[in-house]
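Every read-out reported here was derived from the displayed coordinates using simple, explicitly stated rules and does not represent laboratory data. Please read these numbers as outputs of a predicted model, since none were measured by experiment. Here the Cβ is made from the backbone with ideal geometry for all residues, glycine too, and neighbour counts use every protein chain on show.
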Amino acid sequence: MPTETEKAPSSAIQIRVEPRDFELGVEYESLRRRSSASGAIVAFTGLVRDFNAAGSLAGIILEHYPAMTIKSLYAIAEQAMAKWQLEAVTIVHRVGRLESHDQIVLVGVSARHRDAAFDGARFIMDYLKTEAPFWKKEVSEAGGEEWVDAKDSDQRARDRW
Amino acid sequence: MPTETEKAPSSAIQIRVEPRDFELGVEYESLRRRSSASGAIVAFTGLVRDFNAAGSLAGIILEHYPAMTIKSLYAIAEQAMAKWQLEAVTIVHRVGRLESHDQIVLVGVSARHRDAAFDGARFIMDYLKTEAPFWKKEVSEAGGEEWVDAKDSDQRARDRW
Amino acid sequence: MIKVLFFARIRDQVGCAELDVELPDMVDNIDGLTGVIKAQGAAFEEALSDPNLLIAVNQEMAGGQTTVEDGDEIAYFPPVTGG
Amino acid sequence: MIKVLFFARIRDQVGCAELDVELPDMVDNIDGLTGVIKAQGAAFEEALSDPNLLIAVNQEMAGGQTTVEDGDEIAYFPPVTGG
């Protein structure tokens, strides 16, 4: 007889936006359970770097537009699933104050073959970077705060798809 | 005072070839500890699929050329590190009998930016698939064993770099 | 009534996160609404003249010609920088 | 003495995983060695005539002209299929 947990619906797309840190191992095993026909899983994580062109950084502050964020990430995930026939997608994006080396974002995808999994994960990251309503402020070691400018390279990365 | 574990040297390239399963979470955290200047980590895993063109599969048997395997994977990892300035690389490849849905291979890489991390991981997988001395036998549900033929698509994937 | 939201650098520039705007009879699109908001003061005029400004209508990206009607939620923000 | 290894389908075909071969005086490369091994029987002749055959000398991929000398480890195997 199936337990409560086994009966719980497992959605192909799972998205969370929250201040709390994530564990890649846990997210990966969830993705794997939702991917019984897949031969390839790609997981991308983005980390806070401890410097920029101006010097050392203490961390970042991530602001977002709550009502729009999940909607926007969901639309990106659905596009990727249709384009590369992905079996499952997980996106976790943190918000609020993060320190150097903290995890910011996780994108995990599963597919039958590795090309689809690599392309699908990269597509999601390129679109997330240019369409999802998050804004980053860098906090210097001295405590100063500065909004980060959008990068042309991110726009070009998006335009390649 | 540093403990025994903390004093252990952390090498940029870590490679293991063994029958035993791996935990992505554990390998990822090791990679992350070796990647203090990185903003991006990509982890790829390959899984045993439960069917091929001929029908259902029970699993696979992976043979390798022990004296050459690590040497070959190391050379591939070094090429990728130099080409994309990766900060760290982990490769784990299993051998022996594996069941459907089991993990076969893990490739994890870290880099300053995501394009390098995605390209580096993909390059390693494409080269591993065409140069590292592993051979796969598929085991059908009825118990029959059949060597897997190399795929032209893998050769083409390798030739794109 | 239109609910208007400002985010990140744009919010800092206008000094305000949220604003309720009564839609004049002649105004039915984003360009019109933007004009009404700019008239509220120099900070608004400057922030909303940013050539890189992005606009969402009911949480979907929109352009100057996108229709706006009573009850909509409009957001003004700079290019996004997440991930 | 040369240590010769066979893997996967090639090993199944020749019915042998490892073979010690005495290098004749006139033989100093892979093509020569392959000829010596083929002469050992029909199964060797057939397996080592596979156009997709791969060869490693001391665990590095090699070609027909690669030099072979006493003490080397030579491996014959089909295209790899790991990952």
Requested in this report: Please count, across the range A:4-159, the pairs of lysine residues with Cα atoms under 18 Å apart that sit 8 or more places apart or on different chains.
Outcome: 5
Report task. Pop a pseudo-label 7 angstrom from the Cα along the beta-carbon direction at both A:SER30 and C:GLU18 and give the gap in nm to one decimal. Result -> 2.8
Query - Where labels lie 7 Å past Cα in the beta-carbon direction, separation of A:ARG20 and C:ASP50 in nm - result: 3.2
Requested in this report: Could you give the size of the charge dipole of the protein assembly as shown about its Cα centre, using +1 on the Cβ of each K and R and -1 on the Cβ of each D and E, expressed in debye and rounded to the nearest 20?
Outcome: 240
Report task. Report the local net charge at B:ASP102: Lys and Arg +1, Asp and Glu -1, summed over other residues whose C-beta lies under 12 Å from its C-beta. Result -> +2
Report summary line: In debye to the nearest 20, the charge dipole size for chain B, taken about the Cα centre with +1 at each Lys and Arg Cβ and -1 at each Asp and Glu Cβ, equals 580
Query raised in the report: Around B:GLU138, with a cut-off of 14 angstrom between Cβ atoms, what is the net charge of the other residues, counting Lys and Arg +1 and Asp and Glu -1?
Result: -2
Query raised in the report: Is it possible to state the helix-based mean residue ellipticity at 222 nm for the protein assembly as shown, with each DSSP H run of 4+ residues giving -39500 (n - 2.57), the sum divided by total residues, to the nearest 500 deg cm²/dmol? What is it?
Result: -10000 deg cm²/dmol
Requested in this report: Quote the FRET efficiency, to the nearest 0.05, computed for D:ALA43 versus B:ASN52 with a Förster distance R0 of 30 Å and r equal to the Cβ-Cβ distance.
Outcome: 0.60
Query raised in the report: So which residue, out of A:MET68, A:MET81, A:MET125, gets the largest mean-square fluctuation from a GNM of chain A using Cα contacts under 10 Å as springs?
Result: A:MET68
Query raised in the report: Taking the range C:1-65, which GluC sites (Glu not before Pro) meet the DSSP loop condition and have no more than 14 other C-beta atoms within 10 Å?
Result: C:GLU22
